[in-house]
1. Using only protein heavy atoms and a 1.4 Å probe, report how much of residue 430 is accessible, in Å² to the nearest 10.
2. Based on Cβ point charges of +1 for Lys and Arg and -1 for Asp and Glu, what charge dipole magnitude is obtained for the range 279-358 about its Cα centre, in debye rounded to the nearest 20?
3. Evaluate the distance, in nm, between pseudo-label points positioned 7 Å from the Cα of residue 462 and of residue 45 along their respective Cα→Cβ axes.
4. From largest accessible area down, sort 402, 111, 213, 192; use a 1.4 Å probe on the protein chains.
5. For the residue pair residue 367 and residue 512, what label-to-label distance in nm results when each label sits 7 Å from Cα along the Cα-to-beta-carbon direction?
6. As an exercise, identify the GluC sites (Glu not before Pro) in the range 260-317 lying in DSSP coil whose Cβ has no more than 16 other Cβ atoms within 10 Å.
7. Put 199, 374 in order of accessible area, largest first, 1.4 Å probe: what do you get?
8. Treat each spin label as a single point 7 Å out from the Cα along the C-beta direction, and report the residue 197 to residue 233 distance in nm.
Amino acid sequence: MLNKLKGLRALSAFDKKQSVGMQRKLMLYWVSMILVVFAAVILLLSIAGAFSRDDAQLHEVMELHLKNTKDNLTSHLEHLTAQSLHLSRELSREIEGVLVEEGISLQEVNDDPERLLKLQEVMYPLVSTTLQAANCNGAYAMLNATTNTGLAVADHSRSGLHLRYSNLSASSPVTPTVVYFRGIPDIARKKDLELHNRWNLEFDTDQVPGLRDLMDMPLTRPAERYFWSQRFDLKDTWESAMLLCVPIVGSGGTVYGVCGVEISALYFQFSYPTVEGQFGSAVTVLAPIRDGRLQLSEGLVGSVSGTYLDGRETLVIHQGRYYNEYDTGDERYIGLHQTIRIAREEGEGTVWAAAILSPQDSYAAYTAGVQRTWVIAALVLLLALLTLSFFLARRFVRPITDSLKRFQLEELLGQAMSSGISEVDELAEFLNARARNQRLEQGELPPNIAELFDQFIARNDLLTEAERNILRYYIDGHEIAEIPDLAFISMSTVRKHNRSIYEKLGVASRDELMLYIDLLRRCGRLQELS
């Protein structure tokens, strides 16, 4: 029995050694398979453009934003043009009415402050109405005449009036106070208007290239020739603006002057605020492109909050697949632009564009964050897969190790136990059958059979001497009919002894008795009955 327990311990140690090796091999198999699947997923995501989707998404967002911005700018400029053309026609009618009433031409108004005042008085209601109705921060009307032709600046000084909004703010960009920027101050006093702190009597036409040429050429209608000026600094102020210049054409083709509206850089910033998005701050730009450069200093720039733009840079354009790069030399921006139709005085090689710009640093920070998220997600996924492989390896190996432990218990308890795995149970049945055959070949008995034999042999001591003699005849192979002659007793006595033998040995019949004798003979234990 002691040797048997030692053998079971050795078998258990071998079982543990083999199960660990199997678990490691299965773990290695799962890890290898998971790494291959993981690499394939990463490759497919890369081919599908998952890692470059940010650029494509940025392109879609900017393209939609640019389309909306361009539509808004186009609509804005077209409305201002229509209102300025209407102002030109109304001014032409009023000016011509005064000239006819006075019986003079516009040239005779030079050096005549009273008649210039009368003309400005009829012009004021129209200019004021346009300012209130139009989406702009200023409206003006300029006559091709001056108060004093004897001054040195008379050549580029022209009479007229210019109304502007002051105290612009982001919360109320079109309803601040109206100030009197240019014109005869008598009108300001009559209308109770505040003079601008940089008020001047007349306009300086040299500030707007092409303005004097527009007033000197004969035209038949105002729509025949009008243009937007480039952005320029308003004289004696810190502000800059663009003017829409529409000729005031008389019935005879004479140009009485120029009128239009003003969009200042500050007003444009309030009208087109920065759009905050996941890729950074988007800035609206309306500016000319010349020689592959976006000239911000000549155009208008929306709110620059969240960027380093000051609205006076020249940006070198680098075309890209998903977006363009706009380089100032010190800073770089990404975005898109599209040409926009705008009446201009520039020559060939200059086009105007609506653009959307965002700091490249903001987009780089966003993409870095997305990449970190991808890396963390990939590591978490990989860790989860490795944990799953370890769990699956243990789950597949554990039933096998448990089955081996059950085999040990089966050996100890002598009871057949099921592992729940058909293949393992079949293997166990095969091994048990082979073990039984080996034991039989070696003369060994299963523990339960050996116990039965031990009990049978022990009960042999209960027999009397006469009963042992009868049993010995059976062991020698004699039949019951031969016993009376051999033992010199009657058949009834033999039968009486048989019943006692059966009862004492715990058998039910002579056949069962002979089976025990035969099995003990095979196991080499028959002599224990003697």
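1. Per-residue accessible area (residue 430): approximately 120 Å².
2. My answer is approximately 280 debye.
3. 8.1 nm
4. Of 402, 111, 213, 192, the descending order of accessible area is 192, 213, 111, 402.
5. Label-label distance for residue 367 and residue 512, simple model: 9.3 nm.
6. Within the range 260-317, no GluC sites (Glu not before Pro) qualify (loop, at most 16 other Cβ atoms within 10 Å).
7. The most accessible residue leads, giving 374, 199.
8. Computed distance between label sites residue 197 and residue 233 equals 1.7 nm.
The values are calculated or read from the model by the stated rules, or taken from the named source; none is laboratory data. This is a predicted model, so every value here is computed, not measured. With ideal geometry, Cβ positions are generated from the backbone for all residues, glycine too; neighbour counts draw on all protein chains shown. For the accessible areas, the whole protein counts, side chains as well, though only heavy atoms, and no ligand, DNA or RNA atoms are used. Shrake-Rupley method; radii C 1.70, N 1.55, O 1.52, S 1.80 Å.
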